[in-house]
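Colleague: Here you go, one structure.
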Amino acid sequence: MAGGWAKDGAVNEQIEASIGEELARMRLRVRHGGESRTHCIDCEEPIPEARRTALPGVTLCLDCQQERDQAFRSRPGINRRGSKDSQLK
């Protein structure tokens with residue numbers, strides 16, 4: 001069900017494209033350089049062998065990675081439709 005000038009299935013195609021782009025971005029990040037670093041790029045602490053084996057291309061120690069993960073805040077989406085009431089004001 002498409003709306004306006006969009007063809008049928010356009011929404012699903014956009015969702016699939018967005019997912020595909022995100023997967024490609026994540027794969028590139030994991031394949032960073034192929035080899036994992038032996039020391040963290042932020043704090044220079046050694047990265048444990050088990051972490052390097054589990055995540056090929058890892059560049060951060062566990063503590064630094066957790067700090068970055070906690071600092072990440074997702075942005076809210078944009079309401080492009082708006083409510084009819086807000087458009088009448």
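The values are calculated or read from the model by the stated rules, or taken from the named source; none is laboratory data. These numbers come from a predicted model, not from an experiment. All Cβ positions, glycine included, derive from the backbone under ideal geometry; neighbour counts span all protein chains shown.
Colleague: Give the number of residues within the stretch 28-56 that are assigned to a loop (DSSP other than H, G, I, E, B), modelled with pLDDT under 85 and of a type in the set (A, V, I, L, M).
Modeller: Step one: filter the stretch 28-56 for residues assigned to a loop (DSSP other than H, G, I, E, B), giving 31-38, 40-45, 47-48, 55-56.
Then keep just the ones that are modelled with pLDDT under 85; that gives 31-36, 55-56.
Still in the list and also of a type in the set (A, V, I, L, M): 55.
Final tally of qualifying residues: 1.
Colleague: Does Cys64 meet the test of being touching a Leu at 6+ places or on another chain (Cβ under 7 Å) and at pLDDT 80 or above? Don't jump to the end; show me each part of the working.
Modeller: Values: touching a Leu at 6+ places or on another chain (Cβ under 7 Å): no; at pLDDT 80 or above: yes.
No.
Colleague: Assigned to a loop (DSSP other than H, G, I, E, B), within 24 Å of the chain's Cα centre (by Cα), modelled with pLDDT of 75 or more and of a type in the set (Lys, Arg): is that true of Arg25 in this structure? Let's see the steps before the verdict.
Modeller: Values: assigned to a loop (DSSP other than H, G, I, E, B): no; within 24 Å of the chain's Cα centre (by Cα): yes; modelled with pLDDT of 75 or more: yes; of a type in the set (Lys, Arg): yes.
For Arg25, the condition - assigned to a loop (DSSP other than H, G, I, E, B), within 24 Å of the chain's Cα centre (by Cα), modelled with pLDDT of 75 or more and of a type in the set (Lys, Arg) - is not met.
Colleague: Taking the condition of being within 25 Å of Arg25 (Cβ to Cβ) and exposed (fewer than 12 other Cβ atoms within 10 Å of the Cβ), how many residues in the stretch 44-57 meet it?
Modeller: 2
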